[in-house]
Amino acid sequence: MIRIGIDLGGTKIEGLALDARGQELCRKRVPTPRSNYAEIVDAVVELIGLVESACGERGSIGLGIPGIASPATGLIKNANTTLLIGHPLDQDLEQRLGRPVKLANDANCFALSEATDGAASPAELGISHPTVFGVILGTGTGGGVVVRGQVLVGPDAIAGEWGHNPLPWLTPDEYPGPECWCKKRGCIETFLSGPALAKHHFERTGKAVDAAQIAELSLLGDAAARASMDAYVSRLARALATIINVLNPDAIVLGGGVSNIARLYDDVPRLWADYVFSDVVTTRLVRAKHGDSSGVRGAAWLWTDA
């Protein structure tokens with residue numbers, strides 16, 4: 001049986017099928033409906049049908065979403081796609097499809113993809129059963145934990161919710177931190193998302209440029225852009241040091257648009273050593289191998305026995 005992964009995003013729903021070796025067989029996408037929940041369910045069912053028709057075979061179904069199903073209620077919570085909140089999405093899909101559906105947070109899917117056959121896989125790291133922390137640095141910040149090839153979810157389904165912890169070791173000019181959409185101040189997401197980097201640069205310079213442009217300008221010798229990137233690198237190093245202190249993973253994998261900034265992979269490990277409670281840090285910082293495809297691939301890998 002093939003493995004089908006579905007990545008439900010705010011603007012598009014992407015689906016792909018993998019064979020037993022992880023080779024992609026086909027890929028399809030449809031727009032994400034914006035009107036109501038029932039239309040989203042219809043769109044996911046339609047997409048699965050398109051993938052299976054293209055492959056000529058039924059598959060197991062894994063679904064990644066920007067949120068999670070509450071273990072207490074079975075209803076979706078903490079979802080950026082707010083139409084999903086309060087609905088039993090996996091149960092509704094199972095009823096429509098007549099088969100089981102495995103649902104996970106999209107950051108968990110990202111981490112699983114990279115730990116299975118990506119940049120933090122056993123083959124890449126030379127470690128039989130690596131512990132991996134996956135980080136998405138994009139319009140928000142997300143995190144996922146994989147231990148011995150399995151996603152660590154936790155009893156409340158919030159394992160890996162790194163972005164809504166406070167940025168550690170705040171400097172005087174950072175305190176108390178920006179207000180976050182979660183109603184707290186100083187969350188890691190308010191410092192390390194792509195829009196956060198652009199906002200901080202604008203507040204310092206009055207120049208409205210995005211994260212990628214700031215990184216490019218810093219390489220061209222723009223002093224203000226260099227200062228913004230230096231601050232970002234420091235913040236990322238501090239934030240990831242707390243993950244190493246708690247989890248001590250074999251690898252941390254970066255994904256999302258900000259992960260394409262090359263200097264992160266040399267500068268952040270150099271700086272995090274000042275904050276990690278150890279005389280040596282062997283955790284590796286690596287860039288996602290599958291890029292934007294890691295989420296949907298990880299959804300497919302939710303089924304290890306397909």
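Every read-out reported here was derived from the displayed coordinates using simple, explicitly stated rules and does not represent laboratory data. Please read all numbers here as calculations on a predicted model, not as lab measurements. For neighbour counting, all protein chains shown are included, and Cβ atoms are generated from backbone atoms with ideal geometry for every residue, glycine included.
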Farthest toward positive dipole pole in the chain [+1 Lys/Arg, -1 Asp/Glu at C-beta], among Cys55, Leu219, Gly5: Leu219
Length released on extending from Ile85 to Cys182, taking residue separation times 0.36 nm less the Cα-Cα span: 33.4 nm
0 to 90° range, to nearest 10: angle between helix 37-55 axis and the chain longest Cα axis: 70
The chain - percent relative contact order, Cα under 8 Å, separation 6 or more: 21
Under-19-angstrom lysine pairs by C-alpha in the chain, whenever the two are 8 or more apart or on separate chains: 7
Debye, to nearest 20: dipole size of the range 1-98, +1 on Lys, Arg Cβ, -1 on Asp, Glu Cβ: 200
The chain - mean residue ellipticity at 222 nm from DSSP helices (-39,500 (n - 2.57) per run, n ≥ 4, rounded to 500): -11000 deg cm²/dmol
Long-range HN-HN contacts of Leu25 with modeled amide H, under 5 Å: Ala17, Leu18, Asp19
For Ile13, residues with placed amide H under 5 Å, excluding near neighbours: Val30, Thr32
Degrees separating the helix 223-247 axis from the principal Cα axis of the chain, which is the longest one: 60
Once exposed loop trypsin sites (Lys or Arg not before Pro) are cut out (DSSP; at most 11 other Cβ, 10 Å), longest piece of the chain: 184-306
Under Karplus coefficients 6.51, -1.76 and 1.60, residue-wise ³J(HN,Hα) of the range 170-175 in Hz, glycine/proline x: 4, 7, x, 6, 8, 6
Percentage relative contact order, the range 119-288, counting C-alpha pairs under 8 Å, at least six apart: 24
Unit charges on C-beta of K, R, D, E only; dipole of the chain, Debye: 140
Descending semi-axes in Å of the range 119-288, equivalent ellipsoid built from Cα gyration tensor: 27, 18, 15
